[in-house]
Each structure stands twice: as structure tokens, then as C-alpha cells.
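Trainee: One structure is given below, represented as C-alpha cells, and several questions about it will come after.
The values are calculated or read from the model by the stated rules, or taken from the named source; none is laboratory data. Keep in mind that what you see is a predicted model, and the values were worked out from it rather than measured. When we count neighbours, we look across all protein chains shown, and the Cβ atoms used for this are built from the backbone with ideal geometry, even at glycine.
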Amino acid sequence: MTARQASPPPQASPLPRQLLPDNHEVSQGRLSIGGCDVLELAEAHGTPLFVYDEEHLRSRCREAVAAFGPDVAYAAKAFLCVAMARLVHSEGMGLDVSTGGELHVALAAGVPGDRLVLHGNNKSMGELRRAVEGGVGRIVVDSFDELDRLEALHAETGTRPRVLLRFTPGVEAHTHTYLVTGADDSKFGFTVSTGAAGAAMERARASGSVEVVGVHSHIGSQVFEASSFAKAVAVIAEAAEPFGVNEISIGGGLGVPYVAGESAPTIAEWGEAVHEACRAAGVAARVTAEPGRAIAAAAAVTLYTVGTIKTIEGVRTYVAVDGGMSDNPRPVLYGSGYEAFLPRAVNAPRDRVVTVVGKHCESGDTLVRDAMVPYDIAVGDTLATPVTGAYGHSMGSNYNKVLRPAVVFVAGGEARLVVRRETYDDLLACELPDS
């Protein structure tokens, strides 16, 4: 269950259909998702536009609950809006939130506090107070300073929250350097190898300010090798064993395929690998997880409109679209790869190499460095990038004062606008008129 690299596909091959959301169809070359024609969605709602297959999201939530039980939590940082929080909750998952803002959205969506897990390596007193007031089910304690804050909060409120201590297992996940979180050199958690994890557990258990219910770990994001999680389980199980904890969370980080030739374990396969590692380690505690990317990524495509095609002879052809690093910063941050295609011609050979770029005032504003597209791509075409349901909308920005895109959920032939497109007046909402 590791990432498997297939032979490079022929240059003229159509888009691999496995990269599209589950409930897609292609009729006479045109793409529909959830029974909705994608080109009609672009016309109705404008571009850039995030289109989510709602049943795909629900299916992955159910798979996660089946794999890890009702305490499994969706990692909201992957993609969060009120509609997504409600969908996840309705499918029996909790939510992992990592800031006061994510906590606010989840509570506004009507998710009960006891179904939330609060993360963060530098939670403020205000965030912790809001979590306690909201009855958050678990607070994942990340530092000794946070234990200080929780003790001060207990003195103020008398509330004793349930906590997990985040242990850093010293496991090197095979992923991008910026996505590694479980190595010893990390801003997250209490390091096992230095003894900090044990010291934190002793202090927290002796404190009357918190109720320690378990431990948490997270080794990184976009991890393809299930063996990495097994290694982490072995370390965490040994470190937690003397304390007889009732819960162990292995966090999230399961990778997903983004481009042709990639594959990854399913949520079910990941769960089985984790549970097998726990059985081998003699873990008696309840084991849960926090998938995010694996729930949301492949559920969505992003639609753009082609505005400019510029060929520099002997160099490259640039295809500029009406979005860019403001709606998908992953290529700029991590060099992440994506595919591109034309929803009007999904089955067409992609026989032209172009670089898909955004509209921002940055030379590095690149979405797909070497994109294969049909040769007849033209100005005005709707161009799509698949597997954009995670860390696009959530990491987006208003750089150059570009408006954030709308988000639609599609299912059963109906399109539901869940996040409207920003307006220019929205850009002024926080401005003071007399400044």
C-alpha cells in the first residue's frame, strides 16, 4: 500500500477518468458531475468555480466511519464551509478544527461542541476559552505553555476539559519537507525521543485542570506509504503504554493521486493497516483518525476561463486563466502537480504541452507547469483542473484583491450554491471609512 508509479502515459492520452469525482459522466465529450453539466455550471455561476460532488464527499465520510468508528474526525483545514461542516456531521463524523476561526464556522453550522477536536500549536487563551465555553469534546495539547494556559483557564472557569496530548514520534514520512509533522525537528507536539512526551503526560495527569483521555500523533500530509503510519503507531503505542490511555489518534495525512500514474491506499485500506499495526503493538485503546484530504480532494474540480494564449516560439506556450495562486497556492508552495483538461472534450487526446498560469502579478503564478491539453484549446474555453477539493479554497487568498471563487455542491441533477462569489464591496468590508 505505497504510492505506485505507473509507466508515463502517452502524451496524447485523454484525462485519466479515475481523477474525476465518483459521480461523473461524459456524454458526447461533455462532462457532467452529479448530474449537472459542468459547462452550464460555469455559465450560471461564473469562473473560477469549485464544483463538489456531494455524494462523493458523503461516500468518503461513510468509509471513514466504517474504518475508524464514530469518533473519527474530518480534518476541516482541508476544506471548510458551513455546508461542508453540516454534511460531515450528518454522515456521523466529528470535525477536527485548528483555529478559532474553524471552530467558529463549525459551531455556526450547528455541529455540537462535543463532536469537535481542537488542534493548534499556539492556541491563544481566547481560543481555548471559546473551546471550553463551546463544550469542545477534545483539546489536543501541544506544549507546556498550553498546559499553563489551561491551568489558568481552569482557575477562572472551574471547567476541566478532556485533552489528548500530541506526541511527536520521530517518524520521517515520505512527503514534501513542508508537510512533515512527525519528525523530531517539528513545531508540533511533545517529542518522544527527548522525554518531553513522558514529562508532559506526567504533568497533565497530576493536574486537576484537565482530564487526560489519550494521545495524538500526526506524521505529515500527502503520505502514500501506509508503513509510515505503522511505524508511528509502534512508537506512540510504546510511549503511551505506561499511562494506560483510553484513546489513540493517529491523525490524518493519507495521500491522494493528483496526476496520471499515481495511486494511493483507500481510506478502508489505510484503516486496516493502522488497526493491524495496533494489534501487533498490543494496543487496547480506542484508535481513531482525522482524514481530510482523503475525504475532500478528489470530490471537486476547479473551472476556469481561458483568457490569453501566448506562444513563445522555441520556449513554451502560456495559457492564462482567470484564477491562479489565489485559489490554488499548492503548486507555488509545494511544487504540487495537477492535470488539466477541457470539460467540452474530456475524451479528446491531449496532444499539446502548455503551461497553465494565473492572472496574478507573479512570474511564479503557475497552476500546471507542463499541462497536456487538446491542441484546439482556445480563448474563451472552460479549462478544468481535477482533484482540487482540498487545500484550494481553504488556502486561498485575495492576493491582488482578486475575488474568492464561489463553491457549488452538485447531486441528483441539482446544483446548490454553498459559498457565493465575493464582490468588490466585500474587499472593503473591513476598511474603516475615515482611515
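Trainee: Please pick out the residue among VAL245, VAL215 that is assigned to a strand (DSSP E or B) and in contact (Cβ under 8 Å) with a residue 24 or more places away in the chain. Quick ask: steps written out before the conclusion?
Mentor: Numbers: VAL245 fails: assigned to a strand (DSSP E or B).
Answer to the check: VAL215.
Trainee: So for segment 77-90 (the condition being more than 18 Å from ALA296 (Cα to Cα) and surrounded by fewer than 23 Cβ atoms within 10 Å (Cβ to Cβ)), does at least one residue qualify? Write out each step before concluding.
Mentor: Within segment 77-90, the subset more than 18 Å from ALA296 (Cα to Cα) is none.
No; the residues of segment 77-90 include none that is more than 18 Å from ALA296 (Cα to Cα) and surrounded by fewer than 23 Cβ atoms within 10 Å (Cβ to Cβ).
Trainee: Look through ALA378, ALA390, ALA406 and report the one residue that is touching a residue at least 60 places away in the same chain (Cβ under 8 Å) and touching a Leu at 6+ places or on another chain (Cβ under 8 Å).
Mentor: On the way: ALA378 fails: touching a Leu at 6+ places or on another chain (Cβ under 8 Å); ALA390 fails: touching a Leu at 6+ places or on another chain (Cβ under 8 Å).
Sole residue among the options that is touching a residue at least 60 places away in the same chain (Cβ under 8 Å) and touching a Leu at 6+ places or on another chain (Cβ under 8 Å): ALA406.
Trainee: Only residues in segment 189-207 that are over 13 Å from SER143 (Cβ atoms) and free of Cβ contacts under 8 Å to residues at least 24 places away in the same chain count as the first member; pair them with residues that are in a helix (DSSP H, G or I) and aliphatic (A, V, I, L, M), Cβ under 9 angstrom, at least 6 apart or cross-chain, and list the lot.
Mentor: Partner pairs satisfying both residue conditions: SER193/VAL235.
Trainee: For ASP426, all conditions in the list (1) in contact with a helix residue (DSSP H, G or I) (Cβ under 8 Å, 6 or more places away or on another chain); (2) without any contact (Cβ under 8 Å) to a residue 40 or more places away in the chain hold save one; what is the number of the exception?
Mentor: (1) is the only condition that ASP426 fails.
Trainee: VAL51 passes all but one of (1) under 20 Å from ASP22 (Cβ atoms); (2) aliphatic (A, V, I, L, M); (3) part of a helix (DSSP H, G or I); which number fails?
Mentor: (3)
Trainee: Tally time: how many residues in segment 285-321 are surrounded by fewer than 21 Cβ atoms within 10 Å (Cβ to Cβ), touching a residue at least 60 places away in the same chain (Cβ under 8 Å) and among the charged types (D, E, K, R)?
Mentor: Total satisfying the criteria: 1.
Trainee: Could we say that VAL332 is more than 24 Å from ALA345 (Cβ to Cβ), aliphatic (A, V, I, L, M) and outside the structural domain of VAL88 (by TED's automatic domain parsing) here? Walk me through it before giving the result.
Mentor: On the way: more than 24 Å from ALA345 (Cβ to Cβ): yes; aliphatic (A, V, I, L, M): yes; outside the structural domain of VAL88 (by TED's automatic domain parsing): yes.
Criteria met by VAL332.
Trainee: Still on this structure, I have one more. Do any residues in segment 37-54 that are without any contact (Cβ under 8 Å) to a residue 12 or more places away in the chain have Cβ atoms under 9 Å from those of residues that are outside any helix (DSSP H, G or I) and aliphatic (A, V, I, L, M), where the two are at least six apart or on different chains, and which pairs are they?
Mentor: Final answer for the pair search is ASP37/LEU31; GLU40/ALA415.
Trainee: Inspect all residues belonging to segment 336-352 and state whether any of them is surrounded by fewer than 20 Cβ atoms within 10 Å (Cβ to Cβ), under 13 Å from GLY392 (Cβ atoms) and either touching a residue at least 24 places away in the same chain (Cβ under 8 Å) or touching a His at 6+ places or on another chain (Cβ under 7 Å) (or both).
Mentor: There is at least one residue in segment 336-352 that is surrounded by fewer than 20 Cβ atoms within 10 Å (Cβ to Cβ), under 13 Å from GLY392 (Cβ atoms) and either touching a residue at least 24 places away in the same chain (Cβ under 8 Å) or touching a His at 6+ places or on another chain (Cβ under 7 Å) (or both).
Trainee: Okay, moving on. Please find, among ALA200, ALA204, the residue that is out of contact with any Phe, Trp or Tyr (no Cβ under 9 Å at 6 or more places or on another chain), in a helix (DSSP H, G or I) and either of a type in the set (Lys, Arg) or assigned by TED's automatic domain parsing to the domain that holds ASP71 (or both). Steps first, answer last, please.
Mentor: Numbers: ALA200 fails: out of contact with any Phe, Trp or Tyr (no Cβ under 9 Å at 6 or more places or on another chain).
The conditions single out ALA204.
Trainee: Confirm whether VAL132 is hydrophobic (A, V, I, L, M, F, W, C), surrounded by fewer than 24 Cβ atoms within 10 Å (Cβ to Cβ) and in contact with a Ser or Thr (Cβ under 7 Å, 6 or more places away or on another chain). Spell out how you get there, then give the answer.
Mentor: On the way: hydrophobic (A, V, I, L, M, F, W, C): yes; surrounded by fewer than 24 Cβ atoms within 10 Å (Cβ to Cβ): yes; in contact with a Ser or Thr (Cβ under 7 Å, 6 or more places away or on another chain): yes.
Considered against the rule, which asks whether it is hydrophobic (A, V, I, L, M, F, W, C), surrounded by fewer than 24 Cβ atoms within 10 Å (Cβ to Cβ) and in contact with a Ser or Thr (Cβ under 7 Å, 6 or more places away or on another chain), VAL132 comes out as yes.
Trainee: Here's something else I'd like to know. Would you be able to say whether some residue in segment 164-185 is touching a helix residue (DSSP H, G or I) at 6+ places or on another chain (Cβ under 8 Å) and at pLDDT 95 or above?
Mentor: Looking through segment 164-185, at least one residue is touching a helix residue (DSSP H, G or I) at 6+ places or on another chain (Cβ under 8 Å) and at pLDDT 95 or above.
Trainee: Also: Do any strands (runs of 3 or more DSSP E) lying entirely in segment 352-435 carry at least 1 residues that are aromatic (Phe, Trp, Tyr), and which ones are they?
Mentor: Details: elements: 352-357, 366-373, 382-386, 406-411, 414-419.
Correct list: 406-411.
Trainee: Among residues belonging to segment 21-38 that are touching a strand residue (DSSP E or B) at 6+ places or on another chain (Cβ under 6 Å) and crowded, with 17+ Cβ neighbours inside 10 Å, point out the one that is nearest to ARG286 (Cα to Cα).
Mentor: Within segment 21-38, the match that is nearest to ARG286 (Cα to Cα) is PRO21.
Trainee: Another question, then. If you scan segment 99-132, which residues turn out to be more than 19 Å from the chain's Cα centre (by Cα), under 15 Å from LEU147 (Cβ atoms) and hydrophobic (A, V, I, L, M, F, W, C)?
Mentor: MET125, LEU128, ALA131, VAL132, listed by residue number.
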